[in-house]
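The values are calculated or read from the model by the stated rules, or taken from the named source; none is laboratory data. Values in this document were obtained by computation on a predicted structure and should not be read as measured data. Don't worry about glycine lacking a Cβ; one is built from the backbone with ideal geometry, like all the others, and counts go over all protein chains shown. Surface accessibility is based on the protein's heavy atoms, side chains included, excluding ligands, DNA and RNA. Shrake-Rupley method; radii C 1.70, N 1.55, O 1.52, S 1.80 Å.
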Amino acid sequence: MVLLLIAQYTVAWTMPDIHRGTLPIGLVGWHLSIGTALLALVLARLLWRMTHPVQSASNTPLLNALAGAGHAAIYVLLFAVPIMGWINASSRGYAVQLFGTVTLPSLSTEGSTLGHAMGDIHVYGSYILLGIVGIHVLAALYHRLILRDGVMERMLPLSNKKWRSIE
């Protein structure tokens, strides 16, 4: 997910502004495809999380509540931001596809005022998501460097021995 998010933000910041007449080719097409892949992955992650709940860390009730709220916000935004982009793309008449293979149905009619408004909300939502992910990274570093409670080790596909060798 993080690699796709990095790719998505890189493409979004380097692609041309989307105006009337902008075609969904080049970086705009890549942005649509990466967004579709992110949406598919977040749905798979949500299904996985519902069937494989995470054991909460032994923190204070306040830290557990903050972690729960942060994770919920990340999941909501990882779902909502691509959906808003999809609605906006549909209102522009763009075919939303997963790397040219699977074409998704339109979520709004072409020329829809709501669909065009979703484009602006999509941008603001993406900045909010970026901020919350930044807070998430800081929280992971806090667990690793200050609390040293093993939470970060559970998040990464590395063994505890590999992380202990860094200290």
Accessible surface, per residue, of the chain when the full set of protein chains is kept, probe 1.4 Å, Å²: 64
Net charge of Cβ neighbours under 13 Å - reference Gly111; Lys, Arg +1; Asp, Glu -1: +1
Cα-based helix-to-principal-axis angle, 61-91 vs the chain, degrees rounded to 10: 20
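Largest first and in whole Å, what are the equivalent-ellipsoid semi-axes of the chain based on the Cα gyration tensor, each being the root of 5 times an eigenvalue? Don't skip to the answer; put the middle values down first.
Working: eigenvalues 246, 52, 44 Å².
Gyration-tensor ellipsoid for the chain: 35, 16, 15 Å.
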The chain: angle of helix 2-14 to the longest principal axis, Cα-based, in degrees nearest 10: 40
Distance in nm between pseudo-label sites at Thr103 and Phe79 (7 Å out along the Cβ direction from Cα): 2.8
Projected label distance in nm at Ala69 and Thr113, using a 7 Å step from Cα toward the beta-carbon: 3.6
Residue-by-residue Karplus 3J(HN,Hα) for region 102-111, coefficients 6.51, -1.76, 1.60, Hz, glycine and proline x: 9, 9, 8, x, 5, 9, 8, 7, 4, x
Listed residues Leu141, Leu107, Leu39, most fluctuating in the chain (Gaussian network, C-alpha, under 10 Å): Leu141
Spin-label pair Met155/Ala44, simplified geometry with 7 Å Cα→Cβ offset, distance in nm: 2.1
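State the percentage of accessible surface on the chain attributable to carbon and sulfur atoms; use a 1.4 Å probe and exclude ligands, DNA and RNA. Can you show the working numbers first?
Working: 7500 of 10750 Å².
Summing carbon and sulfur atoms, their accessible area is 70 percent of the total for the chain.
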Whole-Å distance, taken between Cα centres, linking region 80-159 and region 10-60: 4
